[in-house]
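Structure record follows, encoded as structure tokens.
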């Protein structure tokens, strides 16, 4: 009796392990393509609330729920999302937006230390940048939209300096995930320009 129960237990354990391996193997297709956003160049900041700050913290951006996924949302039209499960972001989208926005702001604020909320730096910031991403996709016609609420706060008391709703659009050079990622990177750089007090291109 003991031998029979032990044998069944071992069989069950092996079966569970095989199923777990199968699930893990199915999580990432060998044909999946991974994409990332990149920092874009801009002019130096003119917003005195930021240019006079020694340390600026970029808070981890808020992200609309439909965007909070590994698959890239290619289109958002007619109440339906266009998603290809073979085309994915290389890291969580909220973290990637925060990282790239930090790089964009650092390039525009060369005399200021700009760091992300989730990084290793824990200096007391003179200013904080907060962003809530509401749109980050293309419409039925292919036009890419970045819609966001931005806020800048000063000091430890979180004194509001600026709150603004921003909508930026651009047409990608071609269809597909790579041109979309490039256009989203450009719009994210333009969002950094707005935060820095520089007008984005018309």
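All of the numbers you see were taken from the coordinates with simple rules; none came from a lab. Just so you know, these numbers come straight off a predicted model, no measurement behind them. Cβ placement follows ideal geometry from the backbone for every residue including glycine, while neighbour counts extend to all protein chains displayed.
Starting from 0.36 nm per residue, how many nanometres of slack lie between residue 79 and residue 55 once their C-alpha separation is accounted for?
Result for the pair: 4.4 nm of gain on full extension.
Suppose R0 equals 45 Å; then what is the FRET efficiency for residue 158 and residue 86 from their Cβ-Cβ distance, rounded to the nearest 0.05?
Using R0 = 45 Å, I get an efficiency of 0.60.
Counting alpha carbon pairs within less than 8 Å and at least 6 residues apart, what relative contact order, in whole percent, applies to region 34-195?
29
Taking other Cβ within 10 Å of each residue's Cβ, how do 115, 136 sort, fewest first?
115, 136
Could you please state, rounded to a whole Å, how far the C-alpha centre of region 130-175 is from the C-alpha centre of region 42-65?
If we compute the Cα centre of each part, the gap is 13 Å.
Could you give me D for region 34-195, from Stokes-Einstein at 4 °C and 1.567 mPa s, where the hydrodynamic radius is the Kirkwood radius over C-alpha pairs? Units µm² s⁻¹, please.
Once the numbers are plugged in, D ends up at 80 µm²/s.
Going by a ≥ b ≥ c, the root eigenvalues of the Cα gyration tensor, does region 111-202 fall in the rounded group (a/c under 1.5), the prolate group (a/b larger than b/c) or the oblate group?
prolate
Most exposed first by the Cβ proxy, i.e. fewest other Cβ within 10 Å, how do 113, 49 rank?
The most exposed by this proxy come first: 113, 49.
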